[in-house]
Structures are given as C-alpha cells and as structure tokens.
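Take a look at the structure set out below.
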Amino acid sequence: MFWRARALVEELERTELRPSVAIIGEPTMMRIIEGHKGCFEYTTEFRGLAGHASSPERGVNAVEYAVRYISRLMALAEELKTRAPKGNRFDPPWTTLQVGTISGGAARNVIADHCSVEWEMRPVRNEDADFVKDRIRAFVESELKPAMKAVFEGADIVTHVIGEVDGLEPVTESEARQIVSELTGLTEAEVVAFGTEAGLFQKAGISSVICGPGSIEQAHKADEFVSLEQLEECLGMLERLGRKVS
C-alpha cells in the first residue's frame, strides 16, 4: 500500500497540487488518530556455497549465517527497549523490531547456499532506525562477511529496502484533526503502533490524520471483517464531510 501512496505524493508534487488535508481511512473504530510509528521493511539475502553436509567446513551455510544475523537483530530489539523517549504515548513506547519470515536451503543433508530473511521495525523516531541499521551493517561487515568470504569469495549478504515510511508525528495545530473532530464530535486524539501512509502526506506538507471503520484487532488474520455498525458510522462521517466541503 505504501508504494501507491508514495506514487500519489510524487504525482501531487509533480503537478503542484497541494491538498490541505488528508484523512487516512485505516481501522481505528472511528477514533481520531494523530500519530503512529514509522514502518521500515527489509529483505536480507545470504549467498553461500553449497556442498555435502558431511563436510560443512567446505561450504558456506547461508542458513547458519542468517541465524546469526537474526540473533543480532533480536539483541538490538532488546536494546531498543532502553531507548524509549520519556513521556512517549505509544504502546509499547519503544521502537519494535521483528523477523517475519526466513526461507532457505534445499535439504537436511545439503549445505544451504541461499537464505532470505524478511524483517521490519517500527521506529518511534528515525534515530532508532539509524541505530539499528548502523549496528547491523557493522556486524555484517566486520564479522559475518569476512568469515563467509574466507571460505568462498563469492559469498555475500545483501539487504534490500522494501519500504521506509516515516511515522505520523503529532502536532499542536492540525487542520485535519480539527475537521475530523467536527465531523465525529470527538475531542480527543490518540496514537497507535501500526503504520499507515499518513507520514508520507505529512512529510509532503499536508495536514494528516487517521480515522476509519473497523478494528486493527481484526486485521491481517483469518475472517477479517468490518462491522455494519462501523461502516454506517463511517458513511455518516463522509456524508457530513461532503456537506462541509460543498
């Protein structure tokens, strides 16, 4: 979804169109959300040297190096818990980091010559993202790669950036928050841990807020749904918005 929003922002900048407000319709139970963490996603590929499992020292096991990489990521995830800014409203208040998938190898008796790890982090602030990227890069360059290349020069570790989307930062004055407050009758705004495209629009100078039907608790799982009551409440807000802008 993020690449579509990024393309839209680029198109707005190209055509010099600048909406004053963006309302992002993610599932918030129609509550007003004024802030969320960033969403940084990566795929790291490990390229080793295949061989027979009876002589593991003659190959470069990509899965083993991926496991070492993941272990370092998990250690960084624990360090991030100590870096939570004071007064942070997020739950949890620190930058989170997790591994989503690991895939590699051919058979139990074959040294794995390939492996990939998909991982992501949700930064409270961009400094935390830099902290993780700098330290995992140093670990790769100083420890993992030298050990791999000592056996096979063609071995490598490459990280692909899938997306790096800034978070939505709460601001004191927000036209978007004021408009949605008038439409919903709500006066309080909250923050959430999940990410949306709102940070992209805010970075482009567009006042942004999140409000939509349904609950994030039903997202990304079997039988995902939005209740009819929530849809009706959203349609009522959109009808009021239509009258307001006309």
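Points to keep in mind about this one:
- For the residues Val165, Val180, Val192, Val140, the requirement of being surrounded by 20 or more Cβ atoms within 10 Å (Cβ to Cβ) and either closer than 17 Å to Ala66 by Cα or among the basic types (Lys, Arg) (or both) singles out Val140.
- Any hit, segment 175-193, residues being hydroxyl-bearing (Ser, Thr, Tyr), touching a residue at least 40 places away in the same chain (Cβ under 8 Å) and in a helix (DSSP H, G or I): yes
- Checking Gly205, Gly236 one by one, the residue that is over 23 Å from Arg89 (Cβ atoms) and open to solvent by 30 Å² or more (accessible area, probe 1.4 Å) is Gly205 and no other.
- The strands (runs of 3 or more DSSP E) found wholly in segment 1-70 and carrying at least 3 residues that are closer than 29 Å to Thr184 by Cβ, at pLDDT 90 or above and under 19 Å from the mean Cα position of the chain (by Cα) occupy 32-36.
- Top-ranked residue of segment 194-246 - restricted to ones that are part of a loop (DSSP other than H, G, I, E, B) and closer than 18 Å to Gln178 by Cα, ranked as modelled with the lowest pLDDT: Ser246
- Taken over segment 81-127, residues that are open to solvent by less than 70 Å² (accessible area, probe 1.4 Å), within 23 Å of Glu34 (Cα to Cα) and outside any loop (DSSP other than H, G, I, E, B) amount to 6.
The values are calculated or read from the model by the stated rules, or taken from the named source; none is laboratory data. Note that the structure is a prediction, hence the values are computed from the model and not measured. When we count neighbours, we look across all protein chains shown, and the Cβ atoms used for this are built from the backbone with ideal geometry, even at glycine. These accessible areas exclude ligands, DNA and RNA; they are computed on the full protein's heavy atoms, side chains included. Shrake-Rupley method; radii C 1.70, N 1.55, O 1.52, S 1.80 Å.
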